[in-house]
1. Could you tell me which residue of segment 226-240 is surrounded by the fewest Cβ atoms within 10 Å (Cβ to Cβ), considering only residues that are of a type in the set (Ser, Thr, Tyr) and within 21 Å of Ile214 (Cβ to Cβ)?
2. Among the residues of segment 80-95, is there at least one that is open to solvent by less than 100 Å² (accessible area, probe 1.4 Å), without any contact (Cβ under 8 Å) to a residue 12 or more places away in the chain and under 40 Å from the mean Cα position of the chain (by Cα)?
3. Given (1) without any contact (Cβ under 8 Å) to a residue 40 or more places away in the chain; (2) over 30 Å from Gln219 (Cα atoms); (3) over 28 Å from the mean Cα position of the chain (by Cα); (4) loosely packed, with under 14 Cβ neighbours inside 10 Å, identify the lone condition not met by Gly312.
4. Could you check Ile443 against (1) in contact with a Lys or Arg (Cβ under 8 Å, 6 or more places away or on another chain); (2) buried (at least 18 other Cβ atoms within 10 Å of the Cβ) and say which number it fails?
5. Output the residue which, of all residues in segment 141-152 that are without any contact (Cβ under 8 Å) to a residue 24 or more places away in the chain and assigned to a loop (DSSP other than H, G, I, E, B), is most open to solvent (accessible area, probe 1.4 Å).
6. Tell me the residue from Asn234, Asn260, Asn268 that is on the phi > 0 side of the Ramachandran plot and not aromatic (Phe, Trp, Tyr), please.
7. Do you know which residues across segment 185-208 are without any contact (Cβ under 8 Å) to a residue 12 or more places away in the chain and either surrounded by 14 or more Cβ atoms within 10 Å (Cβ to Cβ) or within 21 Å of Lys438 (Cα to Cα) (or both)?
8. Which residue pairs have Cβ atoms closer than 7 Å, lie 6 or more positions apart in sequence or on different chains, and pair a first residue in segment 402-430 that is of a type in the set (Gly, Ala, Ser) with a second residue that is part of a helix (DSSP H, G or I) and at pLDDT 95 or above?
Amino acid sequence: MFLSAKIRADNIRKKYEELDKDKILDKLVDKELEIEKLLRKLRKYENPHTPSSKRGFDKPQAEGLTVGRKPGKLYVHKRTTRPRDTPNVPPVTVTTDVNPSNGNTNIIETGDYIEKVITDYKIEKIVTKYTFPEYKDLNTGELFFAQHPDVPDKGIFGKNVIAFANLLHFENRVTLQGVAEIFTQVYDIPMSAPTVQELCNRAVEKANTTYEEIHTKLQKSPVANADETGSNQNGKSEWLWGFFTPVLAFFVFFPQRGGNIVEKVLKNFNGILGCDGWSTYKVFSEKYGILLQRCWAHLIREVKKNCKDVEGLNEAYVWICNIFEEIQKLRKIKSRKRRQKGYKKLVMEMEQWTQIYSVHDGMKELVNKVKNGKEFWFTCVLHPEVEPTNNSAERGLRKFVVIKKIIGCLRSEQGKRNMQVMLSVFQTWKLQGLNPYKELRAIV
């Protein structure tokens, strides 16, 4: 059983009363160093940008709160009943010769009836033998075989199998072993995890062209958002970078969080880039003259962490929130002149905010971040097509974050290549309102 705080304090006091001044100072220095080390470690789990899944020190039990079930997802859309499908097989009339409640056979039809339209599907393995006659071109002497659209270039599995295996693995986050078991148990197509891996490799070969097309279109886009998340290959740290537009998603692995990755991906980019405060984006902006839009969601979280409910600083948080509200209002105004006027006013107001709070203890780092953002906090006012936050990029990376939690790490260079290509094509097709399964089947 834990001792009360008062008893523990009394015990510590007695222990130090027996020591001389020098020994007490030595122990105090050691304790201060230990506390500083623990605080640095704690900041990895408790900072404005830590996702809820990694916050290990603010559980309800630790805070003395009642522990109960978490509420489910709130659906804000209007509920509707799914429309019935149109029957595509002959109708079935269900009859009986016995009353199921008592077994009585002395029954007749009353003339009344009910109808139910049931939607189901049939799983049927289809094994087809194709014969390809050889042909000879009489003009050139070339020998060749006929081609069939349903026969892939490699292997013994058809296009439906290849497309569905990749959909399960990359889009629905099923492990390679899980995909193999689904085909073995449900479709009666015996398969192993290495076989599924090979099906993924074949799909990536065919999707490479689409992947490069996405990259080219990204460079020509007027607006893009970028973000990065940690990854690793067999324990070696790396980063997955994601670049997004309303209709494109492009992923690429890179060994560093910094470096020239943004320059490599956006080599010919002349648009506006939405991002967080990472210095890599600032270097890219200054080198190529690219307009940035700094993320207001990050800024508001940091100001809230440092200022909300803190004596003398709560007004700083309220002020930042008011500035953000003004941004939202200005973005809805069609007149560019009025937006330019509001833009200048907001830049001046942000400068006032930094001047006032730069003298407060503990605010130096935050104020410097705001200053480093310069006028890039308000690019979205002059260009309403740019979002004031980087949320679209963070949402785009979320699928890989979940996959990473499931698989632990990537095992090979080929695995990384497969992941970045298939995440890109699947997410791009979804953003464009296309069916990922049908699109992949068409190219494999």
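The values are calculated or read from the model by the stated rules, or taken from the named source; none is laboratory data. For clarity, every value in this text was computed on a predicted model and none was experimentally measured. Glycine gets a Cβ as well: all are built from the backbone with ideal geometry, and neighbour counts include every protein chain shown. Quick note on the areas: whole protein, heavy atoms, side chains included, nothing else; ligands and nucleic acids left out. Shrake-Rupley method; radii C 1.70, N 1.55, O 1.52, S 1.80 Å.
1. Thr229
2. Within segment 80-95 (the criterion being open to solvent by less than 100 Å² (accessible area, probe 1.4 Å), without any contact (Cβ under 8 Å) to a residue 12 or more places away in the chain and under 40 Å from the mean Cα position of the chain (by Cα)), the answer is yes, since at least one residue qualifies.
3. Failed condition: (1).
4. Evaluating Ile443 over (1) in contact with a Lys or Arg (Cβ under 8 Å, 6 or more places away or on another chain); (2) buried (at least 18 other Cβ atoms within 10 Å of the Cβ) leaves (2) as the failure.
5. Restricting to residues being without any contact (Cβ under 8 Å) to a residue 24 or more places away in the chain and assigned to a loop (DSSP other than H, G, I, E, B), the top hit is Gln147.
6. Asn234
7. Glu205
8. Going by the 7 Å Cβ cut-off, the qualifying pairs are Ser424/Tyr211; Ser424/Ile214.
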